[in-house]
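The values are calculated or read from the model by the stated rules, or taken from the named source; none is laboratory data. Remember, predicted model here, so these are calculated numbers, not experimental data. With ideal geometry, Cβ positions are generated from the backbone for all residues, glycine too; neighbour counts draw on all protein chains shown.
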Amino acid sequence: MTLPDLSALWLTFRLAFLVTLILLIIGTPLAWWLANTKTRLKPVVEAIVALPLVLPPTVLGFYLLIVFNPNAAIGGFWLSVTGDTLAFSFAGLVIASVVYSLPFAIQPLQSAFESVAEGVMEAAASLRASPLDAFFTVAAPLSVRGFLTAAVLSFAHTLGEFGVVLMVGGAIPGETRVVSIAIYEQVETLRYGEAHALSLILLAFSFAVLMFVYVFNRRHRVHVH
Amino acid sequence: MAKIFRPFLICALGAVVVTTPAVAAEARVAVATNFKSTIDEIEIAFEAQSDHEIIVTSGSTGKIYAQIVNGAPVDVFLAADQERPRRLEAGGRAVARSRFTYAIGRLALWEPGEAETGPGRLAGGDYRRLAIANPDLAPYGVAARQVIAALDLDDATEGKFVFGENVGQVFAFVRTQNAELGFVALSQLLTMPADVRGAYWTPPQDAYDPIKQDAVILARGADNEAAHAFVEFLKSDGAVAIIERFGYGTE
């Protein structure tokens, strides 16, 4: 067994952490809106959110390459603001991963919010809690399992991301060469020792995280009704 | 036997009658992706002058190699390097001495947004990204590194590299303008219409080791007439003309 490629591992954890944070921040209001809206557009938004679940990463990666084009609108805007292209950059990977892992954050949050009884929120409102106040003191604590599941799934899914990164990353060490890409290269070049080292770390970590979620969910069963 | 099966039985018998006396055979040919559009044309020429047929599949040389080692039904393998066919031969999975170089890949520096490109562009450093195939994974990546070293451009290109898994991906990076320029295969450029191709420059052959692509008949195809006929055709003047027209050299 060879020493694992720690720079790829560290890069991947940074990416997964940042993506999870962003997804919780933008996912919470979006999921709350989806859980409470009465608009007829709801199925459209739900379908868009769920798209990355069914689209092959190659489709996503191909479209992202086109969107990231520095001579097109979004890629050009990014270039003029930051001086760097979205493709082949850490920022680009963050954006790609946020899109790719979006359903893994939205769906658990939405179903958690949906099970918060309307009456509870009305009671909070009648006690003159502002909607934001009611959300943070009533809905959020009741949805703690939803938050945990969303965070863990987003993190783990980003950790395991491969196809999209392969297409838009450019495999730059320390910048876009994440762990799955490193493992892929090692396997392709028959460096099985290094591949084993990284794979084993990933396997052990993923198992530990999932175990934690299941144990936590068992202990902290939140009863809504 | 139930009446319902009768038509099938007749069909099956018919099939036996039709196929048994025919001499035509069928060979499965696995080809490296960079050669796919070339082989499509060679296949048409081959089947026009032969009763035999070939069935072509394409993929990366490394993956086809792994599939063959794990028992994939392949009669002829057209790799993008010499290493994999050599290994198959050494391991007894290929017919001894059937290995030969069918094409020599040529590298091209491609810059679609410009009217002219060349080593001066690389030296000038007035670009953000230079895409090359990953030298660990692809022979075109190794060749690109050699050209850069031969031209003494290591410092000028430092920190500008982005790596594609293969030349196909490098092509996509440049085509979508995410990288301004990149080292691709000349054969890829020649499949594009000339008016959208933009500028390219082919480094002199002495700047990099020839990208020799070897073919080999696999053990499964040892007694397959179609496999042998196809490999012979691949060496013929007709096939060589097609191969060269697609931007490859031949031996």
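Has the range B:143-161 got any residue that is in contact with a Ser or Thr (Cβ under 7 Å, 6 or more places away or on another chain), assigned to a helix (DSSP H, G or I) and not small (G, A, S)?
Our first condition is that a residue be in contact with a Ser or Thr (Cβ under 7 Å, 6 or more places away or on another chain); within the range B:143-161, this holds for B:148.
Next, from what is left, pick out any that are assigned to a helix (DSSP H, G or I): B:148.
Now restrict to residues that are not small (G, A, S): B:148.
Yes, the range B:143-161 has at least one match.
Anything in the range B:101-129 that is in contact with a helix residue (DSSP H, G or I) (Cβ under 8 Å, 6 or more places away or on another chain) and farther than 30 Å from A:E175 by Cβ? List them, or say none.
Listed by number, the residues that qualify are B:Y102, B:A103, B:R106.
Give the residues of the range A:29-66 that are within 14 Å of another protein chain (Cβ to nearest Cβ) and either among the small types (G, A, S) or crowded, with 20+ Cβ neighbours inside 10 Å (or both), sorted by residue number.
The answer is A:G61, A:L64, A:L65.
Could you list, in sequence order, the residues of the range B:148-162 that are surrounded by 21 or more Cβ atoms within 10 Å (Cβ to Cβ) and either in contact (Cβ under 8 Å) with a residue 40 or more places away in the chain or touching a Pro at 6+ places or on another chain (Cβ under 8 Å) (or both)? Outline the logic, then answer.
Keep residues of the range B:148-162 that are surrounded by 21 or more Cβ atoms within 10 Å (Cβ to Cβ), which gives B:148, B:161-162.
Result: no residue meets the conditions.
Filter the range A:67-79 down to the residues that are more than 10 Å from chain B (Cβ to nearest Cβ) and either under 14 Å from A:V98 (Cβ atoms) or under 22 Å from the mean Cα position of the chain (by Cα) (or both) and list them by number.
Result: A:I74, A:W78.
Kindly list, by first and then second residue, each pair from a residue in the range B:173-187 that is free of Cβ contacts under 8 Å to residues at least 40 places away in the same chain and at the interface with chain A (Cβ under 7 Å from one of its Cβ atoms) to a residue that is part of a helix (DSSP H, G or I) and among the aromatic types (F, W, Y), limited to pairs with Cβ atoms under 9 Å and residues at least 6 apart or on different chains.
Close Cβ pairs (under 9 Å, with a partner that is part of a helix (DSSP H, G or I) and among the aromatic types (F, W, Y)) amount to B:T176/A:F62; B:T176/A:F68.
Could you list, in sequence order, the residues of the range B:63-88 that are outside any loop (DSSP other than H, G, I, E, B) and under 12 Å from the mean Cα position of the chain (by Cα)?
Here is the first cut: in the range B:63-88, the residues outside any loop (DSSP other than H, G, I, E, B) are B:63-69, B:76-78, B:83-88.
Within the range B:63-88, B:I64, B:F77, B:L78 meet the criteria.
B:A156 - would you say it is hydrophobic (A, V, I, L, M, F, W, C) and at pLDDT 95 or above? Steps first, please.
Values: hydrophobic (A, V, I, L, M, F, W, C): yes; at pLDDT 95 or above: no.
For B:A156, the condition - hydrophobic (A, V, I, L, M, F, W, C) and at pLDDT 95 or above - is not met.
Regarding the range B:67-77, can at least one residue be identified that is farther than 24 Å from B:G247 by Cβ, buried (at least 24 other Cβ atoms within 10 Å of the Cβ), in contact with a strand residue (DSSP E or B) (Cβ under 6 Å, 6 or more places away or on another chain) and acidic (D, E)?
Scanning the range B:67-77 turns up at least one residue that is farther than 24 Å from B:G247 by Cβ, buried (at least 24 other Cβ atoms within 10 Å of the Cβ), in contact with a strand residue (DSSP E or B) (Cβ under 6 Å, 6 or more places away or on another chain) and acidic (D, E).
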